[in-house]
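For reference, the structure is listed below as structure tokens.
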Amino acid sequence: MILDPKLDIFAGTGRRKQASARVRLAKGDGKIVVNGKPVKEYRPEEQFLKAVNGPLIIVELLDQLDISVKVEGGGPVGQAGAVSLGIARALEKMDGEFRKPLKKAGFLRRDPRKKERKKPGQPGARKKFQFSKR
């Protein structure tokens, strides 16, 4: 979705596990803000930073875009995947030429895996209560 064609602001949504991220891209000098904080302050882990920067490195726009992200739900891994997918989708809307390299690198694929539900009569999704013969 193109939010404002005059300002060149592009939006993308990413989801992974229980996490959901809304991303907005605009021309700028490389500032990345997640939930109102700079990305290194929000999550300093290298895995999160790699996930956020991955799509930007592929299309060689690392220091040319300002990115604003609102992410909620899930944990650090789910949030990293959601942000990465959201950025990739917004980049694709920004320029259709980016689709091919992003798709080849796997950034446009939504990871469908979710937590399996707990079944009745069991302590977890697959674990069974201990069997006693006598």
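The values are calculated or read from the model by the stated rules, or taken from the named source; none is laboratory data. What you are looking at is a predicted structure, and each value in this text was computed from that prediction instead of being measured. Cβ: placed from backbone, ideal geometry, glycine included. Neighbour counts: every protein chain shown. The area values use the complete protein model at the heavy-atom level, side chains included, leaving out ligands, DNA and RNA. Shrake-Rupley method; radii C 1.70, N 1.55, O 1.52, S 1.80 Å.
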Is at least one residue of segment 34-51 modelled with pLDDT under 90, on the phi > 0 side of the Ramachandran plot and of a type outside the set (A, V, I, L, M)?
no
Report the residue count in segment 46-76 for those that are open to solvent by 60 Å² or more (accessible area, probe 1.4 Å) and not basic (K, R).
10
Among the residues of segment 116-133, what is the count of those that are surrounded by 10 or more Cβ atoms within 10 Å (Cβ to Cβ) and either under 24 Å from G73 (Cβ atoms) or touching a Phe, Trp or Tyr at 6+ places or on another chain (Cβ under 8 Å) (or both)?
6
S84 fails exactly one of (1) over 29 Å from K115 (Cβ atoms); (2) out of contact with any strand residue (DSSP E or B) (no Cβ under 6 Å at 6 or more places or on another chain); (3) open to solvent by less than 20 Å² (accessible area, probe 1.4 Å), namely (1)
Some residue of segment 57-67 being among the polar types (S, T, N, Q) and over 16 Å from the mean Cα position of the chain (by Cα)
yes
Counting only residues that are without any contact (Cβ under 8 Å) to a residue 60 or more places away in the chain and part of a helix (DSSP H, G or I), which one in segment 81-98 is farthest from V23 (Cα to Cα)?
E97
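Results for (1) closer than 26 Å to D8 by Cβ; (2) of a type in the set (S, T, Y); (3) out of contact with any helix residue (DSSP H, G or I) (no Cβ under 6 Å at 6 or more places or on another chain), shown as yes or no for each residue.
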position	(1), (2), (3)
K27	yes, no, yes
D95	yes, no, yes
L108	yes, no, no
K128	no, no, yes
Which count do you get for residues in segment 18-41 that are among the hydrophobic types (A, V, I, L, M, F, W, C) and either touching a Leu at 6+ places or on another chain (Cβ under 8 Å) or outside any strand (DSSP E or B) (or both)?
4
